[in-house]
């Protein structure tokens, strides 16, 4: 509630439905829109999606001026309309680092794709996809049943611990 203060005491309410009514016990002050406007389900998520596009959870090691390249990605079921489902990492994160959700930031997926052209295939990959590569000049490989598989389904290696 927005209140106007005078030198002596609180005098009138400028932000309520009564439009500057004197503050007293007899008047029930209601906060004006948008503060108590009922939101429709998902309205906030839709506005965020319009503003930022789909979001990805990205390791803090892959963000900033000294960032490492994205070398591993997992696409899980999205939690809301703003979520792309992608979790992106450098592959150098320790288990302890990766277990802390605070080490991952929500970043617009399109921003990541703009800064790294090699991430472009992520747009088309379905839910449940897990991808990896050893260096940025290599094509993305899929991880299926703990085996690294190329786009033709040929097993090219196993996972390293």
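Looking only at residues in the stretch 134-161 that are touching a strand residue (DSSP E or B) at 6+ places or on another chain (Cβ under 8 Å) and outside any strand (DSSP E or B), the one that is nearest to residue 118 (Cα to Cα) is 140. For the stretch 19-41, the condition holds for at least one residue, the condition being that it is outside the structural domain of residue 144 (by TED's automatic domain parsing), outside any loop (DSSP other than H, G, I, E, B) and at pLDDT below 90. Here the stretch 125-152 is the region considered, the condition is being within 16 Å of residue 76 (Cβ to Cβ) and surrounded by fewer than 16 Cβ atoms within 10 Å (Cβ to Cβ), and the residue that is modelled with the lowest pLDDT is 144.
The values are calculated or read from the model by the stated rules, or taken from the named source; none is laboratory data. Here the structure is a predicted model, which means the values were calculated and not measured. With ideal geometry, Cβ positions are generated from the backbone for all residues, glycine too; neighbour counts draw on all protein chains shown.
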